[in-house]
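In what follows, a single structure is set out as structure tokens and then discussed.
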Amino acid sequence: MVKLQSDVSVELVKHSASDSDVLWAARVSTAGEQSLEEVHKDPEKSKGLINFLMRDRHGSPFEHNSMTFFISAPIFVFREFHRHRVWSYNEESGRYRELQPVFYVPGPDRQLVQQGRPGKYEFVDGTPEQHALVSETMEESYRASYAAYQKMLDAGIAREVARAVLPVGLFSSMYATCNARALMHFLSLRTKDERATVPSFPQREIEMVGEKMEALWAGLMPLTHAAFNANGRVAP
């Protein structure tokens with residue numbers, strides 16, 4: 001049974017990430033090793049230091065932390081994700097397991113129509129008829145491709161061969177690990193925000209992933225997240 005889905009999912013499965021990691025790393029150059037009490041004894045000073053590091057783009061103190069996310073999204077999202085090379089990835093494999101029939105269809109709020117020339121275009125809402133066409137056409141294509149996939153598997157064809165008929169709208173899953181500096185670079189490119197100094201024009205589906213990751217990260221490192229926003233959402 002083919003399942004159609006319009007949302008993505010992001011789960012923070014483990015982390016070692018806090019604003020303290022940034023402060024420790026930054027202060028070692030002038031104060032050597034410090035205790036947790038020393039790091040936090042002046043909250044306003046800590047906030048100011050993180051803002052200074054972000055503003056003047058001293059990036060390495062933001063690398064001494066780690067976050068691992070479990071992400072479920074269409075394959076075409078992961079192909080964009082893998083452009084970010086500082087991350088570590090492990091994705092489910094169609095060579096070793098039978099892929100499940102979960103496919104992406106745009107939700108009713110997804111803008112469908114592109115207007116303008118390359119480099120200077122915008123997306124606008126589609127008509128109800130266009131939304132219906134997209135949903136019906138995608139579902140028809142997904143059902144046919146997954147039936148072809150199952151037909152080959154039933155005939156004894158290897159999974160790594162049979163998967164070639166499946167489209168990029170198929171959902172996949174992966175673990176993705178990064179540090180805060182890498183995540184900020186990702187967010188600066190893959191989310192659209194009015195506070196950004198440099199505008200970005202991400203595909204909506206990868207932006208959906210970015211928004212969920214950012215919300216989780218903001219809870220772990222609120223001072224760093226605030227400084228990122230206050231300084232134009234530019235990665236240090």
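Can you list the lysines whose alpha carbon is less than 20 Å from that of residue 120, not counting same-chain residues fewer than 8 positions off?
Reachable lysines: 192.
Aspartates and glutamates within cross-link reach of residue 47: Cα-Cα under 18 Å, excluding same-chain residues under 8 positions apart?
19, 21, 37, 38, 56, 63
Want the number for residue 5 to residue 226: 0.36 nm per residue separation, take away the alpha-carbon distance, what's left?
76.3 nm is the gain from fully extending residue 5 to residue 226.
Please work out the FRET efficiency for the pair residue 198 and residue 55, using the Cβ-Cβ distance as r and a Förster radius of 22 Å; give the result to the nearest 0.05.
0.90
Just subtract the alpha-carbon distance of residue 13 and residue 89 from 0.36 nm times their residue separation and send over the number in nm, one decimal.
26.0 nm
Specify the angular offset, from 0 to 90 degrees and rounded to the nearest 10, of the alpha carbon long axis of helix 180-190 from the longest principal axis of the alpha carbons in the chain.
Roughly 50 degrees, rounded to the nearest 10.
Just how large is the dipole of the chain about the Cα centre, in debye to the nearest 20, putting +1 at every Lys and Arg Cβ and -1 at every Asp and Glu Cβ?
580
Taking neighbour Cβ counts within 10 Å as the exposure measure, how do 109, 193 sort from fewest upward?
109, 193
Taking the alpha carbon gyration tensor of the chain, what are the square roots of 5 times its eigenvalues, largest first, to the nearest whole Å?
For the chain, the ellipsoid semi-axes come out as 41, 22, 13 Å.
For the Cα atoms of the chain, what angle does the longest principal axis make with the long axis of helix 19-31, in degrees from 0 to 90, nearest 10?
So the inclination is approximately 40 degrees.
If R0 is 30 Å, what FRET efficiency do you get for residue 158 and residue 110 from their C-beta distance, rounded to 0.05?
My answer for the efficiency is 0.25.
Between residue 80 and residue 147, what length in nm is gained on full extension when 0.36 nm per residue of separation is reduced by their alpha carbon distance?
21.4 nm
Could you tell me how far the Cα centroid of the stretch 183-236 sits from the Cα centroid of the stretch 113-153, in Å?
After rounding, the separation between the Cα centres reads 28 Å.
Report, in deg cm²/dmol and to the nearest 500, the calculated mean residue ellipticity at 222 nm for the chain, where each DSSP H run with n ≥ 4 adds -39500 (n - 2.57) and the sum is divided by the residue count.
Mean residue ellipticity at 222 nm (helix-derived): -14000 deg cm²/dmol.
Straight-line reach from residue 3: which lysines have Cα under 26 Å away, leaving out those fewer than 8 places along the same chain?
By straight Cα distance, residue 3 reaches 151, 212.
Under the rule that an exposed site lies in a DSSP loop and has at most 11 other Cβ atoms within 10 Å, name the longest stretch of the chain with no trypsin sites (Lys or Arg not before Pro) of that kind, not counting the sites themselves.
Result for the longest clean stretch: 98-194.
For the stretch 93-230, give the magnitude of the charge dipole about the Cα centre (Cβ charges: +1 Lys/Arg, -1 Asp/Glu; no others), in debye to the nearest 20.
560
Throughout, read-outs are computed from the coordinates displayed, never taken from laboratory work. It should be emphasised that the depicted structure is a prediction, and the values quoted were computed from it without experimental measurement. Every residue, glycine among them, receives a Cβ derived from its backbone with ideal geometry; neighbour counts consider all protein chains shown.
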